[in-house]
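Quick notes on the structure that follows.
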2 protein chains.
Amino acid sequence: MAYDAPIAEMTFTLEAVAGLNRLEGLPEFAAYDADLLAPILEEAAKLARDVLAPLNQSGDSTGAVLTEDGVKAAPGFAEAYAAFRDGGWMGLTAPEEWGGQGLPKALSLAVMEMFHAANMAFGLCPLLSFGAIEALLAHGTDELKAAYLPNLVSGTWTGTMNLTEPQAGSDVGALKSKAVPNADGSYAISGQKIYITWGDHDVAENIVHLVLARLPDAPAGSRGVSLFLVPKFLPNADGSLGARNGAKCIGLEKKMGIHASPTCVMEYDGATGWLIGEENRGLACMFTMMNAARLNVGLQGVAVGEAAYQTAFAYAQDRKQGKVEGVDGPAPILHHADVRRTLTTMRARVAAARAICYACAVAADLAEAAPDANVRAAAKLREDLLTPIAKAWSSDMGVEVASMGVQVHGGMGFMNETLAAQLYRDARIAPIYEGTNGIQAIDLVGRKLSGTNGESMRVMLGEVEASAAAARATNDPQLVQIADRLKAGADALREASDWMLAQMKSREQDKALAGATAYLELAGDVIGGHFLTRAAVAARSSDGAARARRLALAGFFAETALASAPGRVAGITEGGSKFLDNSEALFGIA
Amino acid sequence: MAYDAPIAEMTFTLEAVAGLNRLEGLPEFAAYDADLLAPILEEAAKLARDVLAPLNQSGDSTGAVLTEDGVKAAPGFAEAYAAFRDGGWMGLTAPEEWGGQGLPKALSLAVMEMFHAANMAFGLCPLLSFGAIEALLAHGTDELKAAYLPNLVSGTWTGTMNLTEPQAGSDVGALKSKAVPNADGSYAISGQKIYITWGDHDVAENIVHLVLARLPDAPAGSRGVSLFLVPKFLPNADGSLGARNGAKCIGLEKKMGIHASPTCVMEYDGATGWLIGEENRGLACMFTMMNAARLNVGLQGVAVGEAAYQTAFAYAQDRKQGKVEGVDGPAPILHHADVRRTLTTMRARVAAARAICYACAVAADLAEAAPDANVRAAAKLREDLLTPIAKAWSSDMGVEVASMGVQVHGGMGFMNETLAAQLYRDARIAPIYEGTNGIQAIDLVGRKLSGTNGESMRVMLGEVEASAAAARATNDPQLVQIADRLKAGADALREASDWMLAQMKSREQDKALAGATAYLELAGDVIGGHFLTRAAVAARSSDGAARARRLALAGFFAETALASAPGRVAGITEGGSKFLDNSEALFGIA
């Protein structure tokens, strides 16, 4: 099954919706020029189409395997990784001083969307390396940076994140791995970690593990956790690979999907590691990696959704069934209205999630690179607000859209090795890892809404309303109708936000948390609708087909997701009263 | 993982919600007495818990296999089938003259829910046998009945349905299998059929295939299709098994789920068969089986949803993570508000779907057995209306609830062999087979709504409004609020129904079909909310916990599914205008 990156759609979303132009001319992105966008996206699209997509289904069938010599990647993955590495894709956003290209994250996000869409299991490998690079850049000593960044940035080595232990999943503070100081300033790391993505493999010569562990006498809970860098092979002073470190994969999880991404049980047995950041501040360092990783996981939802759409669309053109007026003989099922509705739903939701993710990336870029401190601060608020929405709304969307893709395929979609079925299985992990979507919702309501006293949401809602006003000002009857629905959606989100804020200040925070997931869904719908509206307005200067398509997608999203928004406030503000006050009757607990 | 049938919930739903009492004292159900309900459900629950549930995960891992001697069921399935057969479960609803027990279908549905919940792959085997029994009872000659019914009803033999061919999935009229008359009144059947559930196996000594094929010179399309009975072994006159017939399994599909249910490619090579019903009227005969099968597939959604709920609830009690006020040490995740919301959502949706399915079964019983012809006719209208809703709404619900169950499990839910992951994979087939859910929606809008000129929906809406009035009359503030939301939901469904009817009479039927799936979802929500409301009102005389639970579930469903109903009418009535009028821009087709 072919995957063709929707370059025009990505470019339009970056430029006309997410505001990529705000990054042009910034000193930190001196290397970036708008003319670079097209050649970079086209080059990435080739790698996705010609190298990664052809391995997607074979990788699913074969999977990675654990041997006596460690984990062997699925056939072809080492060669694909070499092509990725040699293309310089790992260093797209890294600073030029470490061998990177110094380009905006937003650009890299579009590139990574292609790689995830073509082969999500593959895409996870660089995703983790990005995290390791970010953590080192932000918190590493100069020695660690010099020893590890060049090889990570070039893709010669890969990175991992080691948080979870059997008893400590979402509650990272409960972890037990130990770090004991050695005489030379290094540490001896011991413990077991689970769910370690690409924790071992043979596609690169070394692996840089970032591991959370406790120092002796560290405080209990999350305030006693430190971050360590633990390489698979200890580098010599000359940069060559030295001794094998005491870090190994002792088991591979048998998962429902992403079979070609080895999910390792890692054992650290007195492995040599080095502290990253301050003692007992490991969680803060880890959050540096997590924020970027969360956005990238949301992006996986977009990517799998796009792949599911393309697969279903191709099948609907190909599969003939039943008669349709105006078509001789059996008609392609694309001619059936219900199939068209499903495809439209898929396409509209993917477009909305893509815009949310790209806008979040542009905000992250501005938060780092804008010369004006006020702009940076505002962008940081925006990045913080959009990150949990990008992660949760988009990854949930990926699951739902992949399920719709299965449905378009009929019985064929239930065959385990069709791409549609694989996408349904692959997509299911994204709402779980990097903080479950429930945790994203709590983060949104807690840190992001209540933690800013509603400021970041108020600013966002102001933009949503401006977007509705711009649509109304066109006097195009369709856009005016969209504007009305977007405004009603914004009103609903404002009402829910105000209630959430008040509730979080009360003694009954549990009732706010009880509505958090429904609140995040509403926020994603309204903000997604805002971006689709902006796209439809911007597309008025596009050619006829593009203009009609964007208007249709925005209109469809408005009459489905937005029109139902006002009726969903009750489910946010009242839910807790039913199942918290009646917990004994419902769950047998008081 | 244990499955414990929710007997009290089932009994309450049958009696206080679905109206099982209307079947008492009817001559056709002379064998039925309300006192039988409890012992039958308890006996079935034991088989489900002790025999079927323990094989669910092993059956998923091992699956059925095709050998030179035909298909071998997964280990333990033959013994489990023997226990099922010996318990007399196959004959629960069959007439006593054929060895059955003459009990209502509604009762059998509750029993089958247990079997599907414990082991959906197993439950498919009797589901298909039921269909064969129904078709023979309705359309078989006396000779065929005498030769096949006793062994089918006793469960000694099993049945199959053979519709699909590679080029003919949803469009059964496109099938090509041939039936050539033999001199003795039998037919020689040739052709290939795919997706044949339990098409071959070793759990029973003979298999009775019902096969759609074309007679020579039959008209093209669906009006040239006839139904034939083709046994695996030809029975001798004395009832013993004779020669092996030319019907065999030549391949097993590799599916995403229900691995222990062999999905066969069947080859008929001049196999001996006998006509069932009239020539070229095979589709009508097949619909006899299909209606019952559709309800049973909806029931699978209920069953898998219940199993997912039980599994997630058990995990949430067991898994400790994070701190919660009032709980010492790490708290079971059940104490987190967001997890409780998810479990409440699962439970409310399963309860609503169960009520829809059971009410459909009671209507089917009344349609057959009520002495008064008017009652029979009204019940038939109700059965017809509820069947596509029961099938599609419940099977979609099963997928969504299974996905929620995965989410509650966190990373563990993505491990392929956990029950949560299995249920997510198993559940995905139900929206596809027995007529995709898109076809159910078209059936609802076409035959059921438009075909009765709205009569059956009008009567249903009258009952929904009566249910709202009864809730309001209690003067309980919570029930009054539920009543308001149910009434608003009914108004929304009426508005959408009126639009659909008008649209179906116009020249633009495509716009009705474009909204059909969203219309079915709305109908399921409103009718499901009606049943939950009825349950909450009826439970006012129950004990405190049951009363509080039913009020909480009805209230939660009302503030989520019902409160959003009015806002969803636009997505039904306007959708087509976006993606049908802009098909060239969206899909490249005019």
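If you take the residues of the stretch B:145-186 that are of a type in the set (Asp, Glu) and under 24 Å from the mean Cα position of the chain (by Cα), which of them is most open to solvent (accessible area, probe 1.4 Å)? Explain how you work it out, then say what you get.
So in the stretch B:145-186, the residues of a type in the set (Asp, Glu) come out as B:165, B:171, B:184.
Next, only the ones that are under 24 Å from the mean Cα position of the chain (by Cα) stay: B:165, B:171.
Details: B:165: 6, B:171: 42 Å².
The extreme case among them is B:171.
For the structure I just gave you, tell me whether residue B:555 is within 10 Å of chain A (Cβ to nearest Cβ) and closer than 20 Å to residue B:18 by Cα. It is true that residue B:555 is within 10 Å of chain A (Cβ to nearest Cβ) and closer than 20 Å to residue B:18 by Cα. For the stretch A:187-211, the set of residues classified as farther than 22 Å from residue B:412 by Cα, part of a strand (DSSP E or B) and more than 24 Å from the chain's Cα centre (by Cα) consists of A:187, A:188, A:189, A:190, A:206, listed by residue number. Looking across the stretch B:564-579, the residues that are small (Gly, Ala, Ser), facing chain A (nearest Cβ under 7 Å) and over 27 Å from the mean Cα position of the chain (by Cα) come down to B:567, B:570, B:575, B:576. Taken over the stretch B:235-278, residues that are touching a strand residue (DSSP E or B) at 6+ places or on another chain (Cβ under 9 Å), away from every other protein chain (no Cβ under 14 Å) and open to solvent by 20 Å² or more (accessible area, probe 1.4 Å) amount to 17.
For the condition open to solvent by 20 Å² or more (accessible area, probe 1.4 Å), modelled with pLDDT of 95 or more and among the aliphatic types (A, V, I, L, M), what is the one hit in B:552, B:538? Reasoning before the result, please.
Details: B:552 fails: open to solvent by 20 Å² or more (accessible area, probe 1.4 Å).
Answer to the check: B:538.
Screening the stretch A:24-107 for helices (runs of 4 or more DSSP H) wholly inside it with 2 or more residues that are within 30 Å of residue A:363 (Cα to Cα) returns the ranges A:34-46, A:77-86. Residue check: is residue A:473 buried (at least 21 other Cβ atoms within 10 Å of the Cβ) and out of contact with any Asp or Glu (no Cβ under 7 Å at 6 or more places or on another chain)? The answer is no for residue A:473.
Yes or no: residue B:143 touching a residue at least 40 places away in the same chain (Cβ under 8 Å), of a type in the set (Asp, Glu) and assigned to a helix (DSSP H, G or I)? Here the answer is no, as residue B:143 does not meet what is asked.
In the set B:392, B:361, B:351, only one residue is part of a helix (DSSP H, G or I), under 22 Å from residue A:398 (Cα atoms) and under 22 Å from the mean Cα position of the chain (by Cα); that residue is B:392.
The single condition among (1) more than 15 Å from the chain's Cα centre (by Cα); (2) in contact (Cβ under 8 Å) with a residue 40 or more places away in the chain; (3) surrounded by 24 or more Cβ atoms within 10 Å (Cβ to Cβ) that residue B:421 does not satisfy is (2). In the condition set (1) open to solvent by 30 Å² or more (accessible area, probe 1.4 Å); (2) at pLDDT 95 or above; (3) out of contact with any strand residue (DSSP E or B) (no Cβ under 6 Å at 6 or more places or on another chain); (4) not aromatic (Phe, Trp, Tyr), residue B:139 is compliant with all but (3).
Among the residues examined, residue A:509 does not qualify as in contact (Cβ under 8 Å) with a residue 40 or more places away in the chain, surrounded by fewer than 20 Cβ atoms within 10 Å (Cβ to Cβ) and among the polar types (S, T, N, Q). Whenever a residue of the stretch A:439-465 is under 14 Å from residue A:519 (Cα atoms), its partners that are aromatic (Phe, Trp, Tyr) and in a helix (DSSP H, G or I), lying with C-beta atoms within less than 9 angstrom and at least six residues away or across chains, give the pairs A:440/A:393; A:441/A:519; A:444/A:519; A:445/A:519; A:449/A:519.
Kindly evaluate residue B:232 against the criterion of being open to solvent by less than 50 Å² (accessible area, probe 1.4 Å), on the phi < 0 side of the Ramachandran plot, within 14 Å of chain A (Cβ to nearest Cβ) and not aliphatic (A, V, I, L, M).
no
What are the residues in the stretch A:353-377 that are touching a residue at least 12 places away in the same chain (Cβ under 8 Å) and open to solvent by 60 Å² or more (accessible area, probe 1.4 Å), if any? Scanning the stretch A:353-377 gives A:368, A:371. When residue A:406 is tested against (1) open to solvent by 20 Å² or more (accessible area, probe 1.4 Å); (2) β-branched (Val, Ile, Thr); (3) within 10 Å of chain B (Cβ to nearest Cβ), only condition (1) is not met. Here is the figure for the stretch B:532-552: residues that are facing chain A (nearest Cβ under 7 Å) and either without any contact (Cβ under 8 Å) to a residue 60 or more places away in the chain or in contact with a strand residue (DSSP E or B) (Cβ under 6 Å, 6 or more places away or on another chain) (or both) total 3.
Residues that are assigned to a helix (DSSP H, G or I) and in contact with a Lys or Arg (Cβ under 8 Å, 6 or more places away or on another chain) were ranked within the stretch A:317-348; the one that is farthest from the other protein chains (Cβ to nearest Cβ) is A:333.
Taking the stretch A:291-330, which residues are open to solvent by less than 20 Å² (accessible area, probe 1.4 Å) and at pLDDT below 90? Hits for the stretch A:291-330 are A:321, A:322. Scanning the stretch B:409-418 for residues that are surrounded by fewer than 21 Cβ atoms within 10 Å (Cβ to Cβ), facing chain A (nearest Cβ under 7 Å) and part of a helix (DSSP H, G or I) gives a single hit, B:411.
The values are calculated or read from the model by the stated rules, or taken from the named source; none is laboratory data. As the structure is a computational prediction, the values presented were derived from the model and not from experiment. All Cβ positions, glycine included, derive from the backbone under ideal geometry; neighbour counts span all protein chains shown. Ligands, DNA and RNA are excluded from the accessible area calculation, which covers all protein heavy atoms including side chains. Shrake-Rupley method; radii C 1.70, N 1.55, O 1.52, S 1.80 Å.
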